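Below is one structure, written out as structure tokens; comments come after it.
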Amino acid sequence: MSETPANSRYAAAAGLAPTPGQTVGPFYHYALPFADGEHLVPAGTPGSVRLHGTVTDGHGAPVPDALLEIWQPDADGRVVREPGSLRRDPGVFTGFGRTQTWRDGGYSFTTVEPGATSAGSAPFIAMTVFARGLLNRLFTRVYLPEPAAALESDALLSSLDQADRDTLVAVREGDGSLRFDVRLQGERETVFLRYPRHEV
Amino acid sequence: MSETVIEGREAGEAVPDRDSQAAVSAEIAAAQADDESQGIARIQPRLDFPAYRSAALRHPTKEPRHADPEGIELVAPVFGHRDVDPLEADLTIQRGGEPIGERIRIAGRVLDGDGRPVRGQLVEVWQANAAGRYIHKRDQHPAPVDPNFTGVGRAITGDDGSYSFVTIKPGPYPWRNHRNAWRPAHVHFSLFGTEFTQRLVTQMYFPGDPLFALDPIYQAITSQQARDRLVATYDHDTSEHEWLLGYRWDIVLTGTHATPMEEGEHV
């Protein structure tokens with residue numbers, strides 16, 4: 001085990017070599033999804049919002065066997081530390097959700113819109129994407145479309161050109177829901193993230 | 001195995017059938033040689049790996065963008081004994097009777113990139129039965145379903161990051177990547193750390209499997225050293241007299257980013 005140098009933000013080279021990832025494969029459906037995994041709050045809860053979209057491949061074809069996870073703060077921007085996602089108590093918000101895509105590549109979560117975790121920061125939902133054919137998990141962020149000022153000053157979004165940036169910002173639909181499509185490859189390919197200390 | 005068939009091929013010679021193991025093995029060798037020539041010692045699988053046919057349209061073509069983790073990314077979902085019954089760690093007692101096959105224990109520790117144990121966190125596993133068949137309705141492999149085995153388990157790690165599952169050794173199974181394609185026996189693992197950035201889904205393999213060299217999913221990790229980290233070790237001290245054989249497999253997640261002060265706030 002290595003000491004972390006006090007002056008280094010992320011002791012990059014200092015750790016143990018991580019265990020590699022592998023594809024989630026085609027047969028996770030009876031293992032990973034759990035009851036109400038897509039309902040971070042019960043449908044119909046005042047203040048709830050539907051986050052939905054489609055996962056598509058490099059030909060724009062739906063990916064019917066993807067698994068999506070979301071992890072987010074509550075509506076006040078608080079990071080909740082509550083167990084119980086796998087056996088939900090409808091009264092307890094855990095901030096974690098998991099769902100599989102349908103045959104048409106679509107998915108839907110019912111949740112609350114996350115608040116900003118610090119003053120002026122752009123609220124977002126962290127998302128991981130898994131699928132057969134995808135050899136490792138992908139990380140991305142689902143930004144709320146508002147407030148515009150916060151999006152303008154966000155470090156990640158500011159580092160992207162407009163087209164890439166658009167792939168990370170959910171679209172407000174006419175019914176108030178949030179649409180976020182995940183395009184694994186090709187035109188308008190979703191921006192996926194690499195964090196420091198994540199080697200190739 | 002016949003990488004040499006490709007390497008020695010002269011221009012104009014017949015191209016091997018793309019659906020053959022020889023063609024797939026040649027594509028594995030080519031991608032690995034490509035990484036080696038660029039000096040890339042890969043720790044994670046290469047997402048663009050043509051030998052794994054399903055990857056063709058499902059791998060991003062752009063480099064992932066750098067993001068400094070913030071807010072929610074610096075912590076992980078919390079799971080606990082509300083979520084998981086301790087009995088879920090024994091995959092041999094979930095139905096009425098004893099499943100068929102070789103009873104084994106898979107035990108190890110979940111560590112973060114700095115060697116610290118990941119305590120009280122969720123570990124999920126799923127696998128085929130001893131005959132290489134999943135309960136999943138889309139598994140059409142004509143091997144028997146075992147009515148006493150679902151192949152699904154969950155556990156919460158101990159204070160030292162430890163986990164332990166009792167199960168049946170899974171069988172290898174055929175898949176449709178190419179003709180006569182067989183996956184080496186494996187157990188799927190899903191893991192969380194103390195930060196969401198550490199999320200990991202992977203597969204654990206058994207030592208000495210003759211299918212390793214042929215498998216485009218395993219070989220997509222182009223460095224042998226990194227591939228070896230997915231292979232459990234037979235451990236006689238974990239085996240139990242007249243009861244089961246023991247395997248050890250430690251899992252190391254990627255490094256964390258929170259400063260010590262931030263960690264203190266999250267405890």
Per the 1.4 Å probe, what fraction of the accessible area of the range A:46-200, in percent, lies on carbon and sulfur atoms? 50 percent
When the charge dipole of the range A:28-183 is computed with +1 on Lys and Arg Cβ and -1 on Asp and Glu Cβ about the Cα centre, the Cα farthest towards its positive end, among A:GLY115, A:GLY91, A:LEU160, belongs to A:GLY91
When 1/r is averaged over all different Cα pairs and the result inverted, which Kirkwood radius in Å belongs to chain B? 20.5 Å
Put one equal scatterer on each alpha carbon of the protein assembly as shown, apply the Debye formula with no solvent term, and list log10 I(q)/I(0) at q = 0.07, 0.08, 0.09 1/Å to two decimals. -0.36, -0.47, -0.60
Projecting the Cα atoms of B:LEU214, B:ALA67, A:VAL191 onto the charge dipole of the protein assembly as shown, where Lys and Arg contribute +1 and Asp and Glu -1 at Cβ, the residue farthest towards the positive end is B:LEU214
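Partner chain Cβ atoms within 10 Å, averaged over the residues of B:234-240 - can you pull that number for me?
On the way: counts 0, 0, 0, 0, 0, 0, 0.
The shielding value for this peptide is 0.
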Magnitude of the charge dipole, the protein assembly as shown, Cβ model with Lys/Arg +1 and Asp/Glu -1, debye to 20: 820 debye
Could you check the spin-label model distance between A:ALA155 and A:ARG179? Points 7 Å from the Cα along Cα→Cβ, value in nm. 3.2 nm
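What is the dipole size for chain B, taken about its Cα centre, with +1 at each Lys and Arg Cβ and -1 at each Asp and Glu Cβ, in debye to the nearest 20?
Working: 27 positive and 40 negative charges, 189 e Å.
Charge dipole of chain B: 900 debye, to the nearest 20.
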Among residues other than B:VAL84 whose Cβ falls under 10 Å from its Cβ, what is the net charge (Lys/Arg +1, Asp/Glu -1)? -1
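At most 12 other Cβ atoms within 10 Å and a DSSP loop assignment: could you name the GluC sites (Glu not before Pro) in the range A:138-200 that fit?
Numbers: sites: A:GLU152, A:GLU173, A:GLU187, A:GLU189, A:GLU199; in loops: A:GLU173, A:GLU187, A:GLU189, A:GLU199.
Of the GluC sites (Glu not before Pro), the ones in loops of the range A:138-200 whose Cβ has at most 12 other Cβ atoms within 10 Å are A:GLU173, A:GLU187.
Determine how many Å³ per residue the convex hull of the Cα atoms of the range B:9-159 encloses. Can you show the working numbers first?
Numbers: hull volume 33.5 nm³, N = 151.
Expressed per residue, the convex hull around the Cα atoms of the range B:9-159 is 222 Å³.
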Among A:PRO147, A:VAL24, A:THR128, flag the residue with its Cα farthest along the positive direction of the charge dipole of chain A, charges on Cβ as +1 for Lys/Arg and -1 for Asp/Glu. A:VAL24
I'd like the distance separating the alpha-carbon centroids of the range B:101-132 and the range A:143-200, in whole Å. 34 Å
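Given the -39500 (n - 2.57) contribution per DSSP H run of 4+ residues, what per-residue ellipticity at 222 nm results for chain B, rounded to the nearest 500 deg cm²/dmol?
Values: 4 runs with 34 residues, N = 267.
Taking each H run of at least 4 residues, the total per residue is -3500 deg cm²/dmol.
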Keeping every protein chain present and rolling a 1.4 Å probe, give me the accessible area per residue for the range A:13-142 in Å². 32 Å²
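When only Cα pairs under 8 Å and 6 or more residues apart are kept, what is the percent relative contact order across the range A:28-183?
Details: 318 pairs, mean separation 44.8, N = 156.
Rounded, it is 29 percent for the range A:28-183.
Around A:THR19, with a cut-off of 9 angstrom between Cβ atoms, what is the net charge of the other residues, counting Lys and Arg +1 and Asp and Glu -1?
Numbers: positive: B:ARG229; negative: B:ASP250.
Summing Lys and Arg as +1 and Asp and Glu as -1 gives 0.
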For chain A, the Cα convex hull volume per residue in Å³ comes to 160 Å³
Charge tally in the Cβ shell below 12 Å around A:GLU146, where Lys, Arg are +1 and Asp, Glu are -1, A:GLU146 excluded: -1
Of all trypsin sites (Lys or Arg not before Pro) in the range A:93-149, which ones are in loop regions per DSSP and have a Cβ with at most 16 other Cβ atoms within 10 Å? A:ARG103
Cβ charges +1 (Lys, Arg) and -1 (Asp, Glu), total dipole of chain A, debye: 460 debye
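What accessible area, summed over both chains, is buried at the B-A interface (1.4 Å probe, Å², nearest 100)? Write out the running numbers ahead of the final one.
Details: alone 15340 and 11710 Å², together 19500 Å².
Using a 1.4 Å probe, the pair buries roughly 7500 Å².
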Give the separation of the Cα centroids, the range A:12-71 to the range B:233-260, in Å. 26 Å
Quote the FRET efficiency, to the nearest 0.05, computed for A:ASP104 versus A:ARG50 with a Förster distance R0 of 22 Å and r equal to the Cβ-Cβ distance. 0.85
Convex hull of the range B:132-267 built on C-alpha atoms - directionally averaged projected area, nm²: 11.3 nm²
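Taking the mean number of other Cβ atoms within 10 Å as a proxy for protection, how do you rank B:95-103, B:119-127, A:111-119 from highest to lowest?
Per-residue Cβ counts within 10 Å, averaged per peptide and sorted highest first, yield B:119-127, A:111-119, B:95-103.
The values are calculated or read from the model by the stated rules, or taken from the named source; none is laboratory data. Computed from a prediction, not measured in an experiment: that's the story for all the values here. Here Cβ is always computed from backbone atoms with ideal geometry, including for glycine, and neighbour counts include all displayed protein chains. For accessibility, only protein heavy atoms count, side chains too; no ligands or nucleic acids. Shrake-Rupley method; radii C 1.70, N 1.55, O 1.52, S 1.80 Å.
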